[in-house]
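Visitor: I'd like to ask you about the structure that follows.
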Amino acid sequence: MIVAGLSPGSKEFAESLASASGFGLIHAEGKVFPDGEVYVRVEGDVEHTVIVVQTMSRPQDTSIIQAMLLADALRGLRARRIILVSPYTAYARQDKRFLPGEPISIAVILRSLYTAGYNEYYTIEIHKEEALSAFPGSAVSIYPYYYMASKAGIGGDHLILAPDIGALRRAERLARSLGAQYDYLVKRRDRVTGEITVEPKHLNVKGRKVVIVDDIISTGGTVSKAARLLLDQGAESVEVLVAHAVLAGNALEKLKGSGVRRVVAGNTLPRVDDPLVEYVDLAPLVSDSLSI
Ligand code: R5P
């Protein structure tokens, strides 16, 4: 059975996962106490195996605490195999100590979820798959781009572009499955100010339809800088295929200003109602990946 969590975007994903998998669905209840503490409750009998759907949408810290509390609530109701499906994993980009004195945030989150009671963890595109080794149970990151590209009509005639070297593996994998060409940019981010610079590089993009593939759009800085460079070098169009459309602050305006024609995003986070962004429902893909 599936328990729909409480964070924004979880209910929609859980309902779609229930219809794709055929598992029963119940909804967790929750509230926030006047002092800001969160409360969750799962009412009724639960089965031996329970899948909790709780994405780590904003406010991320609340979503994580709710996920932990839900695991303990389900243990109390005698669930024995508790699986967390968190379509978006927050804190995934802090996967190392970039500067002395920093934590490895993603490792702390994954260890804590295990300690709270989850036996298994499923997410979509966790930035760096290696980070999952911090979860002591079984943990899976689902690669969504081929599925998304086929739903969005992206094929072999497109040029697939990684906006930085870290994204090269995922772009290469997509390009190979589509029979498309691929290339990459070199991006640097100032670890203190967050300022992004893209190294000038000549790309063979004249007259090409380019698709930038990335795991996440947060401030939109990475994608908009890449899009501008591609259009300046004569690309016919620039589209973006992204698992997680976080779209913090004025990211949408930045993307529009840079000339991006379309953003194709997974429904791992609440939908933004804007004609630039088109969502692909990834629940059927997760349903096929679950080993239940
Ligand atoms: C970086 O390593 C990530 O893969 C994304 O490219 C990056 O986090 C996107 O962030 P922003 O939209 O703020 O540039």
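All of the numbers you see were taken from the coordinates with simple rules; none came from a lab. No experiment lies behind these values; they were computed from the predicted model shown. Here the Cβ positions follow ideal geometry from the backbone for every residue, glycine too, while neighbour counts run over all protein chains shown.
Visitor: State to the nearest 20 debye the size of the charge dipole of the chain about its Cα centre, where the only charges are +1 on K and R beta carbons and -1 on D and E beta carbons. Let's see the in-between values first.
Guide: Working: 33 positive and 34 negative charges, 143 e Å.
Dipole of the chain, to the nearest 20 debye: 680 debye.
Visitor: If you don't mind, another one. Under 1.5 on a/c is rounded, so check that first for region 39-168, then, if it is not, pick prolate when a/b is larger than b/c and oblate when it is not; a ≥ b ≥ c are the square roots of the alpha carbon gyration tensor eigenvalues.
Guide: oblate
Visitor: Suppose each label sits 7 Å from its Cα in the direction of the beta carbon; what would the THR115-THR49 distance come out to in nanometres?
Guide: 2.8
Visitor: Separate question: Hey, can you rank 278-291, 235-248 by average C-beta count inside 10 Å, highest first?
Guide: Values: 278-291: 17.9, 235-248: 22.6.
Going by the mean number of other Cβ atoms within 10 Å, highest first, we get 235-248, 278-291.
Visitor: In whole Å, how far is the Cα centre of region 67-98 from that of region 101-138?
Guide: Cα centroid to Cα centroid, the span is 8 Å.
Visitor: Grab the beta carbon distance between ASP273 and GLU253, set R0 = 22 Å, and tell me the FRET efficiency rounded to 0.05.
Guide: Efficiency for this residue pair is about 0.90.
Visitor: Based on the mean of other Cβ atoms within 10 Å per residue, sort peptides 185-192, 8-15 so the most packed one is first.
Guide: Values: 185-192: 13.2, 8-15: 21.9.
Taking the mean over residues of other Cβ atoms within 10 Å, the ranking is 8-15, 185-192.
Visitor: Then there is this: State, as an integer percentage, the relative contact order of the chain based on alpha-carbon contacts under 8 Å between residues 6 or more apart.
Guide: Numbers: 629 pairs, mean separation 43.0, N = 292.
About 15 percent, as a whole number.
Visitor: Starting from the amide H of GLN94, placed 1.01 Å from N in the peptide plane, find each other amide H under 5 Å away whose residue is 5 or more places distant or on another chain.
Guide: ILE106
Visitor: Using amide H atoms built 1.01 Å from N in the peptide plane, name the residues 5+ places from ILE212, or on other chains, whose amide H lies under 5 Å from its own.
Guide: Residues meeting the amide H criterion: LEU161, GLU239, VAL240, LEU241.
Visitor: For the pair ASP72 and PHE98, how long in nm is the line joining their label points, each one 7 Å along Cα→Cβ?
Guide: The two pseudo-label positions are separated by 3.2 nm.
Visitor: Quick one: grab the alpha carbon gyration tensor of the chain, order the square roots of its eigenvalues as a ≥ b ≥ c, and give me rounded if a/c is under 1.5, else prolate or oblate depending on whether a/b is larger than b/c.
Guide: prolate
Visitor: Using 7 Å Cα-to-Cβ label points, what is the ASP288/GLU129 separation (nm, one decimal)?
Guide: In this crude label model, ASP288 to GLU129 measures out at 1.7 nm.
Visitor: Something else about it: For the peptides 91-98, 205-212, what is the packing order when you average, over each peptide's residues, the other Cβ atoms within 10 Å and list the highest mean first?
Guide: 205-212, 91-98
Visitor: Based on DSSP H runs of at least 4 residues, each adding -39500 (n - 2.57), what is the mean residue ellipticity at 222 nm of the chain after dividing by all its residues, to the nearest 500 deg cm²/dmol? Before the final figure, lay out the partial values.
Guide: Numbers: 8 runs with 86 residues, N = 292.
The helix contribution divided over the chain gives -9000 deg cm²/dmol.
Visitor: Beyond a 29 Å Cα-Cα separation, which of these cross-linked pairs lie in this structure: LYS128/LYS225; LYS96/LYS187; LYS31/LYS256; LYS151/LYS209; LYS11/LYS151; LYS128/LYS206?
Guide: Pairs exceeding 29 Å: LYS31/LYS256; LYS128/LYS206.
Visitor: Name the residues whose placed amide hydrogens come within less than 5 Å of the amide hydrogen of THR268, ignoring near sequence neighbours (fewer than 5 apart) on the same chain.
Guide: Under 5 Å from the amide H of THR268: ALA245.
Visitor: In percent, how large is the relative contact order of region 145-281, given Cα pairs closer than 8 Å and 6 or more residues apart? Intermediate results must be reported in sequence, preceding the final value.
Guide: On the way: 285 pairs, mean separation 29.2, N = 137.
Averaging sequence separation for qualifying contacts and normalising by length gives 21 percent for region 145-281.
Visitor: Using the Cα gyration tensor of region 145-281, with a ≥ b ≥ c the square roots of its eigenvalues, what is the shape: rounded (a/c below 1.5), prolate (a/b larger than b/c) or oblate (neither)?
Guide: Numbers: a/c = 1.40, a/b = 1.03, b/c = 1.36.
It is rounded, given that a/c, with a ≥ b ≥ c, falls under 1.5.
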